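Colleague: My questions will all concern the structure given below.
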Amino acid sequence: MDENYAVAFQLIMNAGNSKSLSMMAMESAREFNFEEAEKYLKEAELEMRSAHQSQIDLIQQEAQGNPVEVNIILVHAQDHLTMAMMAKDQAAEVLNLYRMIKDLKDAIEK
């Protein structure tokens, strides 16, 4: 397998894992399980860093004068990375919103 395909598939895997973990964080937050949600967000960040490193490797290869062939797999990988980044940012915001909801709910029940 071409090395660029291997890098692209690694990027897809890590970005997909990050997105899934972000979704799990939002599900945990919905149940007001903030400790678990934070754990998922931290894991999502680690997966995101791995995905981003794959992207950096390709950028460095190109910068060193070794052109990276753009193909549908690489485009797909970049799409996964973008969506995973958005999901992680959104999950962090949703977590904050559910904390506010929980605080309001607790205040009302007092």
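Throughout, read-outs are computed from the coordinates displayed, never taken from laboratory work. These numbers were taken from a predicted model, which means no experiment stands behind them. Note that we place each Cβ from the backbone using ideal geometry, even for glycine, and neighbour counts take in every protein chain shown.
Colleague: Could you grab me the full set of residues in segment 5-44 that are out of contact with any helix residue (DSSP H, G or I) (no Cβ under 7 Å at 6 or more places or on another chain) and over 13 Å from GLN78 (Cα atoms)?
Modeller: Passing the criteria: ALA6, SER20, GLU27, GLU31, ASN33, GLU35, GLU38, LYS39, LYS42.
Colleague: While we're on this one: Filter segment 33-61 down to residues that are loosely packed, with under 15 Cβ neighbours inside 10 Å and of a type outside the set (Asp, Glu), then give me how many there are.
Modeller: Number satisfying all stated conditions: 7.
Colleague: So, HIS76, is that one in contact (Cβ under 8 Å) with a residue 60 or more places away in the chain, under 16 Å from TYR5 (Cα atoms) and surrounded by 11 or more Cβ atoms within 10 Å (Cβ to Cβ) or not?
Modeller: yes
Colleague: List, please: which pairs have Cβ atoms under 8 Å, are six or more places apart or on different chains, and start with a residue in segment 1-27 that is within 21 Å of ALA87 (Cβ to Cβ) and end with one that is among the basic types (Lys, Arg) and buried (at least 17 other Cβ atoms within 10 Å of the Cβ)?
Modeller: SER18/LYS88; LYS19/LYS88; SER22/LYS88
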